[in-house]
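Following: one structure in structure tokens, then a few remarks.
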Amino acid sequence: MIEAGPGEIRQLCCGTGSIVEPSEVVDAALGALDDRVALVGGRPMALDSLWRTALQSLACGADDPASGTVILHPSWWSPSRIGLVAQAVESLPGEVLLRPRSWLSRQVPEAASAPSVVVEIAERLVAIVGTDISGIARTGEPRAVAEGVARAVSEMLCGATAVVLVDAPAGVSDAPALAALIAREVRDGGASAIEIDAARLAKLALSAQPTRSPQRKPHPPGRSARCGRLRASAWRGLAAAAVVLAAVVPVMAGVGRHGPATTAATTFLVEGRVAMTVPANWVVQRVLAGPGSARVQITSPADPEVAMHMTQSLVPPNETLAVTAERLQRAMGSEPVGVFVDLNASGTSAGRPAVTYREVRASHQVRWTVLLDGLVRISVGCQSRPGGDDAVRDVCEQAVRSARAVG
């Protein structure tokens, strides 16, 4: 069994104790997950090739293809990330199964016959995996983060009794300490909490028996170089990358690890200093050209004119919505009349105070919400065809409600 992210790519169980030292290949494999090409030693290298190299070096079943391999990935990874890993494992020997971390966490005996919620700690946020997935940014003091996670868990449980499994992954900064704080807050709220550190996860891997998935077919045998562990740096370069933290992999519903699987429909998009919830199956891309500011665009697969946009910028400590509105008003003055209309310096959107305005283009309109969160100005644009606001209303309200500064 191989742990693939969030902070390391390492072997969880194989009957050996050998260790492979950190490498640029693995740093790049985890640090450039949402790009097609990464720099290794100053030279470009295709990301799928990086992942093949990393996983092949850890596959200890080359001499026994019948044993197969289980790849364990973060439960919140996006479909594109999981697809990248799935493509890379085609070169591994025997049958290869991909499983979310929450699947292995739920192998603890305490969750055998009880509903469970899994809390997975990452560098910049904490994901809460139940029948749905939510997240809390790792900003502020650790205790405040732990309190926020405990509140989110309580809201997810909605009074039901469940075991809360707190996963502190290897290679994630201060994960064990934060896990202890979260577990304490959860227990103070009346729920049962179990901490799962890297050592306990490895023990669970030794006894776990994954169910074969009909979607995963046996792959042709290959050769692996060595067994051990590869450590990634702490998400180096993440601030400049758009990272989709997704919840579309099957996650167990509130009936323990033996219950039916459900699929969450939302994803956490982290771009620079901002995180927000977006539809899991919408296409994410950076837009650096064309009208308007550089931005991230999230487009509906059903209609290219239905989309969301997100921009961000740092602001002075004394910035207010009134000052923001004045800045926007000046910027709009340089555009043709009628492009930007309906500026409201004291508006609200999804229950949040905001500056709102509308951008009118030939084939669509964009309703913009501008928020302030600390030193970050967040702009969320809701794009639809003229008269087609309903097509994007719900997902945009969700995005605006969830948009937060995370760094």
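Here is how the numbers come out for the structure above:
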| quantity | calculated |
| --- | --- |
| Cα→Cβ-extended label distance, 7 Å offset, between Glu397 and Ala114, nm | 3.6 |
| Total formal charge among the other residues, if their Cβ is under 10 angstrom from that of Gln312, Lys/Arg +1 and Asp/Glu -1 | +1 |
| Calculated over the range 281-405: convex hull of Cα atoms, volume per residue (Å³) | 110 |
| Spacing of the two label points (7 Å from each Cα toward its C-beta) at Lys203 and Asp342, in nm | 5.9 |
| ³J(HN,Hα), Karplus 6.51/-1.76/1.60, whole Hz, each residue of the range 267-279, x for Gly, Pro | 9, 8, 9, 10, 10, x, 9, 10, 10, 7, 8, 9, x |
| Relative contact order for the range 281-405, counting Cα pairs under 8 Å that sit 6 or more residues apart, in percent | 22 |
| Full-extension gain in nm, Val283 to Arg358, via 0.36 nm per residue minus C-alpha separation | 24.7 nm |
| Ranking of Trp282, Trp51 by count of other Cβ atoms within 10 Å, fewest first | Trp282, Trp51 |
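All of the numbers you see were taken from the coordinates with simple rules; none came from a lab. For clarity, every value in this text was computed on a predicted model and none was experimentally measured. All Cβ positions, even for glycine, are placed from backbone atoms using ideal geometry, and neighbour counts span all protein chains on display.
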